[in-house]
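Reading through the structure tokens given below for one structure.
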Amino acid sequence: MGIAVRLSGVSKTFGSFAANSNISLSIEEGTIHALVGENGAGKSTLTKIIYGMHQPTSGEVVIQGKAVRFASPRDAIEAGIGMVHQHFMLVPELSVAENIILGHEHTWLFGSLPLKYAKALILKNSEAYGLAVNPDALVASLSIGEQQRVEILKLLFRKASIMIFDEPTAVLTPSETERLFATLRSLRDKGKTVILITHKLDEVLAVADTVSVMRKGEIVGTVPASSVTKPELARMMVGRSVLLRVINPPASPGETILNINRLRFCTPQSEERLRGLTLHIRAGEIYGIAGVEGNGQNELLQTLWGLAPEGSVISGEATLKGQSIIGKKPAKIALMGVSHTPENRLRHAVILEYTIAENLLFGRHREAAFHKGIGFNSRTIQRFTAEMISDFDIRCTSPERQPLRALSGGNQQKVVLARELNRPGISLLILAQPARGVDIGAIETIHKKIIDARNNGMAILLVSSELEEIIALSTRIGCLYKGSIRHEFSQEEVALKREAEHEFEKEIGLHIT
Amino acid sequence: MNSKNLRILVPLLSLLSALAVSSLIIALAGRDPLMIFQKMLHATLGTSYGFGQVIFRMTTLVLVGLAVAIPFQVRLFNIGAEGQLLMGAFAAAMTGAMLPATLPSLLAISLCTLSAMTAGACWALLAGVLKVRFGVNEVIATIMLNFIAQGITGYLLTWHFAIPSTVHTAKITDNSIIPTFDSATGWLTNSPANLSSLVTVGVALLLWILIFRSRFGYEMRAAGLQPEAARYGGINAKMHTLTSMGIGGAMAGLGAANIVLGYKHYYESGMTGGTGFTGIAVALLAGAHPLWLLLSAFFFGCLEYGGLTVNAWIPKDIFMIIEALTILLVISFSALGKRLQ
Ligand SMILES: Nc1ncnc2c1ncn2[C@@H]1O[C@H](COP(=O)(O)OP(=O)(O)OP(=O)(O)O)[C@@H](O)[C@H]1O
Ligand SMILES: [Mg+2]
């Protein structure tokens, strides 16, 4: 087998900061090559260089034996490289087939699109690689997992032989992840080369042939995946031993903070998404919601943060310390003592053009402590920013000048968590996918902070697609299925079953499908 | 290239290319571009009268530029500065003509200015309300409101308020006239430049503080950049749509005060001469930044007045082409700059 991608001495600097320094790496054809490393280690940057989105500051990129210098992704696609981004690049109003041929129509202005040919090819590819999706369906109607399959079909349609996946499993359910892995394996078996970035080390061990570990812009090791264990990998990444599961001392919950009683939610399209959901959360406990995406998580979060779309009908009860939340606006709810990290941080939790310091303030800019005159107190903010950055180990160069956009994905998430976990005077913390996209070292820190917050008497609602996370953190667990809690595990049950995690995961799995 | 350099480079490039294209057109019209530019330069910056003319025009342009720039911070495109200017001008002239002549000057001027700003703000707010209540695109709404403003002012002038056999209203009372620099200090002899220019610089500075240094501006820009995130952050985006349109319209009204109270002293048909549209180019060239606006308005002020002074050599029509082309180039380059970023 030849070498699909060879990098020699590749560096990439932004200003004076080296995101990649002197990287040499060979990726063999027909293998799955995983790339792991801390947040900000330079994984995305490296793959963007291969994909032509960044130009290396120095060094050489050789694709299938030919030295290349891509000016843009267009050149890379031409050379047989494809990339599945974490945020899909699909047009929701078009059908699957139309999306796939988009940009590759090969037709005259008024000629008809080669839809028939495309559909045949799509069907062939879906069969060969286990990518079942209806070519005539509108993309808007597809689940996240299906949309990802469309992205992969798009690459196959363009005859890509090197495929890059940047954290593809972050948004998938466990069963979708399994499916994706089956696809990746069959791609490899047909001679394609797969480059996979992920923070989940179990996945690396399960699917990759080779794994490269990055730290601070350099490759610190490349090893066959079969020759390492999870703790070893973690140590290579972070440079110290990592506690893979947070210590969760018994909780002693107090009074009820959040009380949800027979909550119903009808979307403007009159689909019933919550059907009599009932749960309560006490001070000093973490209530974990396990469930497959689309069973009402979104609607529950929207209700609790006052963002239900206009025209939805909500009935039932949701009270915070006896005061109703339903129908209130986000600013008002925050003032009642609620803090919220939304699932989609890029869209909902940050302003990408604002600096890191400004983002640490976002949504909390109404707090008087930050004010001075009609503006902000820069001294206070500077102190606050420095504190948050060191507390949460946010990797950045100059927080007062750097826009948030320039941070790596995981570090953006840390900014949001730092801000929301530290709101003064809160009694309820709503966390949706808090550890999505952060590395295992950072997960350790974040989980510790969440447990600390609980110990300080906060009521915490945790929504996560990672069962592992739910089990590690929760005091009680509710299994959400079709808009109501189908089963609830009590504090004693959770404490007991946590010891046999695998069995517990399976048991929860039965209640949510 | 990093985005900071780009922000300086793009306007510079657009100006240079405008210069090149204008030279070409002047040459095609059979004149020596160098000679024309020299004459323009002398007429605008070389004499104190000419400089006063530039300052006067620049003042209006800064204000209509702000009328476009402030809503632009919330990603609203206010094409309606012209209509807001018209409404403001008419209101200023009416108020000025009706006030008792015994009022203290400061009070009279303030009242007239206030009425101009209110008229402009209301006119812009109409578009804001349509947007917030019914989702009407503000570009379309403001364009339509321009026509309506033209209709209203035209009708009121010709049918009710014009002095017989003229196309203007009665003169405003003497105490509502904003003094020119000439009358106040003897500077800028005979030119229409008046004290509102000073106010305008102050206003631009205040708006800069409001947008970039205040909490209000922090929210406002966030609502413009990522409306969905703003909702999560508890920011009332609708309120910001309305206030930014309101402030924008008020600025156009203030621009009208400069013309009516500082120079013409009455409302005359066609007196705004499309300045409101030039405001769009002024704002774009300055990247909608209140302080850069001063510079970009100065440039367009020079161009506008300089064009008039070379009438003897270059027909007015040719100069209209040059000015419009400059605006087009500025707009195209700023769009290109966006893409490069
Ligand atoms: N456009 C940019 N300008 C300045 N710095 C940047 C830019 N893009 C990335 N960086 C910096 O380069 C470093 C590497 O970023 P990169 O996105 O490659 O990290 P990563 O390994 O993918 O991390 P994560 O796991 O968090 O996604 C980070 O410190 C980031 O701040
Ligand atoms: Mg990344």
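The values are calculated or read from the model by the stated rules, or taken from the named source; none is laboratory data. Quantities reported herein were computed from a predicted structural model and do not represent experimental measurements. Please note: Cβ atoms are built from the backbone with ideal geometry, for glycine as well, and neighbour counts cover all protein chains shown. Ligands, DNA and RNA are excluded from the accessible area calculation, which covers all protein heavy atoms including side chains. Shrake-Rupley method; radii C 1.70, N 1.55, O 1.52, S 1.80 Å.
Projecting each Cα onto the charge dipole of segment A:111-159 (Lys/Arg +1, Asp/Glu -1 at the beta carbon, about the Cα centre), which of A:LEU123, A:GLN148, A:ASN134 comes out farthest on the positive side? Towards the positive end, the residue furthest out is A:LEU123. Taking the C-alpha atoms only, the angle from helix A:115-129 to the longest principal axis of chain A is near 80 degrees. Counting only DSSP beta bridges whose two residues both lie in the protein assembly as shown, roughly 60 percent are antiparallel. Of all DSSP bridge pairs formed entirely within segment A:3-238, close to 55 percent run antiparallel. First select every other residue whose beta carbon is under 12 angstrom from the beta carbon of B:LYS131; then total the charges, Lys and Arg +1, Asp and Glu -1. Charge balance in the 12 Å sphere: +2. At 1.4 Å probe size, with no ligands or nucleic acids counted, give the accessible surface of A:PHE14 in Å², nearest ten. Spelled out: A:PHE14, probe radius 1.4 Å, area about 90 Å². When the solvent-accessible area of segment A:442-510 is split by element, carbon and sulfur atoms take up 52 percent of it, the probe being 1.4 Å. Summarised in one figure, the compactness ratio Rg/Rh of segment A:3-238, Cα atoms and Kirkwood Rh, is 0.97. Leaving out ligands, DNA and RNA, what percent of the accessible area of segment A:138-177 is carbon and sulfur, probe 1.4 Å? Result for segment A:138-177: 58 percent of the exposed heavy-atom area is carbon or sulfur. Sorting the segments B:114-127, B:288-301 by their residues' average number of neighbouring beta-carbon atoms within 10 angstrom, most packed first, yields B:114-127, B:288-301. Residues of segment A:333-366 whose accessible area, computed with a 1.4 Å probe over protein heavy atoms, drops by at least 50 Å² once all protein chains are present relative to their chain alone are A:ARG347, A:HIS348, A:ILE351, A:TYR354, A:PHE362, A:HIS365. For chymotrypsin sites (Phe, Trp or Tyr not before Pro), the sites in segment B:29-105 that DSSP calls loop and that have at most 16 other Cβ atoms within 10 Å are B:PHE77.
Since only B:MET40, B:TYR267, B:PHE147 are under comparison, the one whose Cα sits farthest along the positive direction of the charge dipole of chain B, derived from C-beta charges on Lys, Arg, Asp and Glu, is B:PHE147. Between A:PHE370, A:PHE384, A:GLN402, the Cα set farthest toward the positive side of the dipole of segment A:339-424 (charges on each charged residue's Cβ, about the Cα centre) is that of A:PHE370.
By definition, a body whose alpha carbon gyration tensor gives a ≥ b ≥ c is oblate when a/c is 1.5 or more and a/b is not larger than b/c, and segment B:117-267 fits this oblate description. Across segment A:339-424, the mean sequence separation of Cα contacts (distance under 8 Å, 6 or more residues apart), normalised by length, yields a relative contact order of 43 percent.
Once all protein chains are placed together, A:SER252 keeps about 100 Å² accessible to a 1.4 angstrom probe. Remark on segment B:226-241: accessible area falls by at least 10 square angstrom from chain-alone to full-complex state for B:GLN226, B:GLU228, B:ALA229, B:ARG231, B:TYR232, B:GLY233, B:GLY234, B:ILE235, B:LYS238, probe 1.4 angstrom.
Here segment A:138-203 is assigned +1 on the Cβ of each Lys and Arg and -1 on the Cβ of each Asp and Glu. Its dipole about the Cα centre then comes out at about 440 debye.
Counting protein heavy atoms only, segment B:59-287 has 70 percent of its accessible area on carbon and sulfur, 1.4 angstrom probe. As a length-normalised measure over Cα pairs under 8 Å and 6 or more apart, the relative contact order of segment A:3-238 settles at 28 percent. Explain nothing, just the number: relative contact order of chain A, from Cα pairs under 8 Å at least 6 residues apart, as a whole percent. Over chain A, the number comes to 16 percent.
Taking every protein chain into account, the accessible area of segment B:63-165 amounts to 45 square angstrom per residue (probe 1.4 Å).
Per residue, the accessible area of chain A comes to 42 Å², computed with a 1.4 Å probe over protein heavy atoms only. Taking a straight line from the alpha carbon of A:LYS190, these lysines sit under 24 Å away, with near neighbours fewer than eight places off in the same chain left out: A:LYS66, A:LYS119, A:LYS124, A:LYS154, A:LYS159. Charges were assigned to the Cβ only: +1 to each Lys and Arg, -1 to each Asp and Glu. The resulting dipole of the protein assembly as shown about its Cα centre is roughly 860 debye. Using the empirical formula 2.2 N^0.38 Å as the baseline, the Cα radius of gyration of the protein assembly as shown reaches a ratio of 1.12. Using only the Cα atoms of chain B, build the gyration tensor, take square roots of its eigenvalues as a ≥ b ≥ c, and label the shape rounded, prolate or oblate: rounded if a/c is under 1.5, else prolate if a/b is larger than b/c, else oblate. Here chain B falls in the oblate category. Could you tell me the total accessible area buried at the A-B interface, probe 1.4 Å, in square angstrom to the nearest hundred? Interface between A and B: roughly 2100 Å². Against the criterion of solvent-accessible heavy-atom surface with a 1.4 angstrom probe, A:GLU469, B:GLU323 sort, most first, into B:GLU323, A:GLU469.
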